Amino acid sequence: MSMVNNRLTEGPRRSPGPAGFMLLGWASPLLGWASPESARERQFLEASSSNPKRSLIDSGLRTLEAGTGGIAALAAAMQDGLGQPFCAAIELIRAARGRVVVSGMGKSGHIGRKIAATLASTGTPAFFVHPAEASHGDLGMITRDDVIMALSWSGETAELKNLIDYSRRFRIGLIAVTAEADSTLGQAADVVLTLPPVREACPHNLAPTASTLMQLALGDAIAIALLESRGFTAADFRELHPGGRLGAALTFVRDLMHSGGAVPLARLGTPMSDALVEMSAKGFGCVGIVDGATLVGIITDGDLRRHMRSDLLDQRVDDVMTRGPNTVRPDQLASEALEFLNAMKRTVLFVVEGTRPVGIVHMHDLLRAGVA
């Protein structure tokens, strides 16, 4: 992240050392001459020498607390002055006929890439343009129908200048994500999302940590607000994310079920001897019982054990089956089917359209597909 830091631009402060030597202000705690801002550093060093592991844990906790504080400040701002421009940004993006072009330098650029990826995968076409590359031809990737989202904590990132000028020259919507509303970026933008001030987790208050977390959270908030406002569904998400575990979880039951002659079925009144042949031949450990075209029951290995006696093969399926079997629809997500099986402690489900059996799905089918 490009940041304007007074302590850096003004040069290092110096403190007098022994024999008239001048020591850099941020190095002095190491040698015993503490500057006013070094208390946190000195505390860390003292803790490190006494209990190294504890100091590492404490350091991690301080970083998490700094991030939590940043998110809390962002949430408070959203309920106050940030709420109105947030809505304006959503409306500007929704009204655009093109894509969202996200840009930023340094750490802001890394966050910008993730925001662009999240937008694209949740139904808002977006891509990232590096601001330096934009000045060397990539401005041609941006059209009048697009909206630019530029990230810069200081709002004075020099590499963004040509991108800002381009957006103004061709009247391309510009959303600024910055901590300085009065900065060059903030003053040029159509919508300014002003981030509240926050102290970085870094003991020097330099390395972008809490600030980048706030940028990322705001980007996620924008993406989800757009998703919900457009009615973007899980099925829509799968169209854009067919690979990996997420894609597998969003597969439909109809894509994994066995159908046609592979489905073990027997009619009401069928002798158990014939039902057992069907059950064994299809290999699912069960057989569905139908009355006409309606699934009315199921016989499983458990039903056989409960009715085990010498005349079992002479009985009719009507006397052995469990009525009202649990089923799923072809258009249900495979992840829902797996959740259903786990909840019932079953391994197989018949798939029905209305009451008509059209398939069968086994837990192994779901697991092989990566639904877990």
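Within the stretch 142-175, how many residues turn out to be buried (at least 21 other Cβ atoms within 10 Å of the Cβ), under 12 Å from S108 (Cα atoms) and either without any contact (Cβ under 8 Å) to a residue 40 or more places away in the chain or among the hydroxyl-bearing types (S, T, Y) (or both)?
3
Take T355 and tell me if it is open to solvent by 40 Å² or more (accessible area, probe 1.4 Å), of a type in the set (S, T, Y) and over 24 Å from A235 (Cβ atoms).
Yes.
If only one of G269, G261 is under 30 Å from A372 (Cβ atoms) and either open to solvent by 60 Å² or more (accessible area, probe 1.4 Å) or not in a helix (DSSP H, G or I) (or both), which one is it?
The match here is G261.
Residues being surrounded by 13 or more Cβ atoms within 10 Å (Cβ to Cβ), more than 18 Å from H258 (Cβ to Cβ) and of a type in the set (S, T, Y): count how many of those fall in the stretch 273-301.
Residues that pass the stated criteria total 1.
Among the strands (runs of 3 or more DSSP E) contained in the stretch 1-109, which hold 1 or more residues that are at pLDDT below 95, open to solvent by 60 Å² or more (accessible area, probe 1.4 Å) and on the phi > 0 side of the Ramachandran plot?
Here the list is empty.
May I ask you to verify whether A223 is within 19 Å of V100 (Cβ to Cβ), open to solvent by 10 Å² or more (accessible area, probe 1.4 Å) and under 23 Å from the mean Cα position of the chain (by Cα)?
It is false that A223 is within 19 Å of V100 (Cβ to Cβ), open to solvent by 10 Å² or more (accessible area, probe 1.4 Å) and under 23 Å from the mean Cα position of the chain (by Cα).
In the stretch 302-331, what count of residues is obtained for those that are open to solvent by 60 Å² or more (accessible area, probe 1.4 Å) and assigned to a helix (DSSP H, G or I)?
5
The values are calculated or read from the model by the stated rules, or taken from the named source; none is laboratory data. Quantities reported herein were computed from a predicted structural model and do not represent experimental measurements. Cβ: placed from backbone, ideal geometry, glycine included. Neighbour counts: every protein chain shown. Protein only, heavy atoms only, side chains kept; ligands, DNA and RNA dropped before computing areas. Shrake-Rupley method; radii C 1.70, N 1.55, O 1.52, S 1.80 Å.
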